[in-house]
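Visitor: Pasting a structure here, questions to come.
The values are calculated or read from the model by the stated rules, or taken from the named source; none is laboratory data. Owing to the predicted nature of the structure, the values given are computational and were not obtained by experimental measurement. Heads up, the Cβs are rebuilt from the backbone with ideal geometry, glycines too, and the neighbour counts pull from every protein chain shown.
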């Protein structure tokens, strides 16, 4: 028995045949961008980290501040894409349509706008319009985006059940490996749906045998194998069904369906003992799974077929007990959800940055409010509703943070006003001691004096203080000597005075070149200093007059924001409460449906049990439990 | 029991198109079917984005006015084998940030994102900006490189880009500095 179980478990592990290996690098990503505006790069920095809200806020702010001029159209395209990522289809559509309406938009941007518009329309379920938009976007898209475009067109056709057209679209298509596998899968499904089962199964089989370590592709491989298995089962080919179903991973999300199918494949081949293995494996799993529910009826059915009536009775009774227990637990959970505890559990799951909050919901501790949460998320309506609820919760926290910040901003504006008023008298007094206009006048006079000296090569103008004193002294000597003209006793003194003046003039003349250059440089420095002084005076004066006005304008902006934040906070709170009620309604409705299904299974089990008892009463020969398989 | 088998098989076969749809993002319900609540959530998100945009600008105008604003950005232009661990930034010999990078942030930088590492206020005039980065290069080799530059702060905002690049010195990551007005 153990050996058979091990064999069965091994058979369900991923198969390793000579199949194509899919590299991790083959998974598509956005192409690298040559950033020409730093602020556009900052937007991308947040975008590449999937921080879409922050990226969108920065993009909108920088755009308003005119900091994205070099990337104007790229930024618009990104803005549309960000709205699309946040599920804001109306805004995204408006942006893409506006870009397309602008005839000056270059072709590469137009192609991308058509592609994203096609995605928006596809997400809105408008497949015809989406098809038209996507078909207009061909030409300049990157290889990965082109592949995605092609697959979206084909998927739109599949959604409209136009299988023949989808087959044409996907046949002979050669995209990058990652996308090609999805294309092959969809082609296989289209062929099966179009009645070409053999070709379809062969195509699905090529996907069902790939070797990969990439989780998304492992999930795709499981889907392909499950589809192959059930198509073969429906066609009455249990052996072929089992081969495909054994390739489904035992720890994957589709393993329960595969185990149930494997059991049915054995049962169809009258191998009831073999069928018991996968079915009994299912019995340890979550009873909300339809496959697990069915296994509770399938196991006693197999025993009954084997003629092991006492085991059949035992397992039918076990099934009834399990169904009843699960119904009671569902009732307990419904009561807990009605008291509003469901979302407490949903909000406990944080985002660890790798698997995300969605995956973490699977690991929540077992409690009435959280027990069925992960199961409920399988439904698109609940999943979308929970996403909205979490978004509203984040908005609520965001608004609360801003509300606090606005209080601090207001304090800051008031403090600045107070500080300005306090510092103003002292600053005014200091400014009053400086007469920049007078300094400027003196500078002008010096400049004029210098220019005249240069023009007339006035060497005396550049004399030092000592030289001026010497010149004055020589002038005095000459005046004295002039009083004694003709007196030969002064001839020696006259000669000395003439020599002294000559030596001084020679010195002044020799220094002229260096001194005129030094004077010119000193004037240049003076000009710069005077210019700085005038600039500072103007800036001080402008700041003195402008600062209170600027501060008051900031104060008014802060004041205007507060009611906006408060009004939005009220709206978000109301929407959050209504969203919580809606989620509780969906959850209760879904769990009521489950309870009803369990009721039906329970009735079926009771009926089967009664039938066995009736037969036993009609034919008292006992069943032989010892004949039954262990 | 056979009835159950047939019903189950039928359910699976009917669900086949769902496999196809699952192959990429499954389309949600068409817009027309969306409830008033969904529309309200969309409208709220739009309003919250607009509000955040206005508050983002207000905060910047209030805390970092253009007359004193200086921003230092970090970008990367390196091969696949260099992983940036941290950047330390000093302005006028005072440490203003010492940033450690997550794997996500490293990836965002390699794909062309530019990080606004520091946003601050400086008076008009000359200032000294010093930056060091650490990281791992080929063969797990540790790198530490630095750069110093003089920045003349004028009337308008000043932006400095520190690009970690290995283009200049082949497999040797270096800072390439560019000052933007």
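Visitor: Report whether or not residue A:355 is more than 13 Å from chain B (Cβ to nearest Cβ) and modelled with pLDDT under 90. Can you show your working first?
Guide: Working: more than 13 Å from chain B (Cβ to nearest Cβ): yes; modelled with pLDDT under 90: yes.
Spelling it out, residue A:355 is indeed more than 13 Å from chain B (Cβ to nearest Cβ) and modelled with pLDDT under 90.
Visitor: Only one of A:196, A:128 is surrounded by fewer than 17 Cβ atoms within 10 Å (Cβ to Cβ), within 14 Å of chain B (Cβ to nearest Cβ) and modelled with pLDDT of 90 or more. Can you tell me which? Break it down into steps so the answer makes sense when it comes.
Guide: Values: A:196 fails: surrounded by fewer than 17 Cβ atoms within 10 Å (Cβ to Cβ).
The unique qualifying residue is A:128.
Visitor: Confirm whether residue A:161 is surrounded by 18 or more Cβ atoms within 10 Å (Cβ to Cβ) and at the interface with chain B (Cβ under 10 Å from one of its Cβ atoms). Even if it seems obvious, please write down each step before you answer.
Guide: Numbers: surrounded by 18 or more Cβ atoms within 10 Å (Cβ to Cβ): no; at the interface with chain B (Cβ under 10 Å from one of its Cβ atoms): yes.
No.
Visitor: Filter region A:599-611 down to residues that are within 14 Å of another protein chain (Cβ to nearest Cβ) and without any contact (Cβ under 8 Å) to a residue 24 or more places away in the chain and give me whichever is nearest to residue A:331 (Cα to Cα).
Guide: The extreme case among them is A:600.
Visitor: Yes or no: region A:363-381 includes at least one residue that is away from chain B (no Cβ under 11 Å) and at pLDDT 80 or above. Explain how you work it out, then say what you get.
Guide: Initial filter on region A:363-381 (away from chain B (no Cβ under 11 Å)): A:363-379.
Now drop any that are not at pLDDT 80 or above, which leaves none.
No, that holds for no residue.
Visitor: Let me ask something additional. If the Cβ limit is 6 Å and pairs must be 6+ apart or interchain, which residue in region A:578-598 that is under 15 Å from residue A:380 (Cα atoms) pairs with which residue that is surrounded by fewer than 17 Cβ atoms within 10 Å (Cβ to Cβ)?
Guide: A:586/A:381
Visitor: Right, next: Does residue A:211 fit the bill of being away from chain B (no Cβ under 12 Å), surrounded by fewer than 24 Cβ atoms within 10 Å (Cβ to Cβ) and touching a strand residue (DSSP E or B) at 6+ places or on another chain (Cβ under 7 Å)? Break it down into steps so the answer makes sense when it comes.
Guide: Working: away from chain B (no Cβ under 12 Å): yes; surrounded by fewer than 24 Cβ atoms within 10 Å (Cβ to Cβ): yes; touching a strand residue (DSSP E or B) at 6+ places or on another chain (Cβ under 7 Å): yes.
Yes: the conditions hold for residue A:211.
Visitor: Can you work out which of the residues in region B:32-73 that are more than 9 Å from chain A (Cβ to nearest Cβ) and either part of a strand (DSSP E or B) or in contact with a strand residue (DSSP E or B) (Cβ under 6 Å, 6 or more places away or on another chain) (or both) is nearest to residue A:388 (Cα to Cα)?
Guide: Selected residue: B:64.
Visitor: Turning to a different aspect of this structure: Give me the residue from region A:93-103 that is touching a helix residue (DSSP H, G or I) at 6+ places or on another chain (Cβ under 6 Å) and away from every other protein chain (no Cβ under 11 Å) and, out of that set, surrounded by the most Cβ atoms within 10 Å (Cβ to Cβ).
Guide: Looking at the filtered set, the residue picked out is A:96.
Visitor: If you check A:34, A:49, which single one turns out to be within 26 Å of residue A:139 (Cα to Cα) and at the interface with chain B (Cβ under 8 Å from one of its Cβ atoms)?
Guide: Numbers: A:49 fails: within 26 Å of residue A:139 (Cα to Cα).
Result of the check over A:34, A:49: A:34.
Rundown of residues vs (1) in contact with a strand residue (DSSP E or B) (Cβ under 7 Å, 6 or more places away or on another chain); (2) away from chain B (no Cβ under 14 Å); (3) surrounded by 17 or more Cβ atoms within 10 Å (Cβ to Cβ); (4) modelled with pLDDT under 90, yes/no style:
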position: A:545; (1), (2), (3), (4): no, yes, no, yes
position: A:555; (1), (2), (3), (4): no, no, yes, no
position: A:561; (1), (2), (3), (4): no, no, yes, no
position: A:564; (1), (2), (3), (4): no, no, yes, no
position: A:575; (1), (2), (3), (4): no, no, yes, no
position: A:579; (1), (2), (3), (4): no, no, yes, no
position: A:590; (1), (2), (3), (4): no, yes, yes, yes
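Visitor: So how many residues does region A:174-206 have that are assigned to a helix (DSSP H, G or I) and closer than 19 Å to residue A:237 by Cβ? Please lay out each step first, then the result.
Guide: Quick first cut of region A:174-206, residues assigned to a helix (DSSP H, G or I) only: A:177-193, A:197-206.
Okay, now just the ones that are also closer than 19 Å to residue A:237 by Cβ, so A:188-189, A:191-193, A:197-206.
Counting residues in region A:174-206 that are assigned to a helix (DSSP H, G or I) and closer than 19 Å to residue A:237 by Cβ gives 15.
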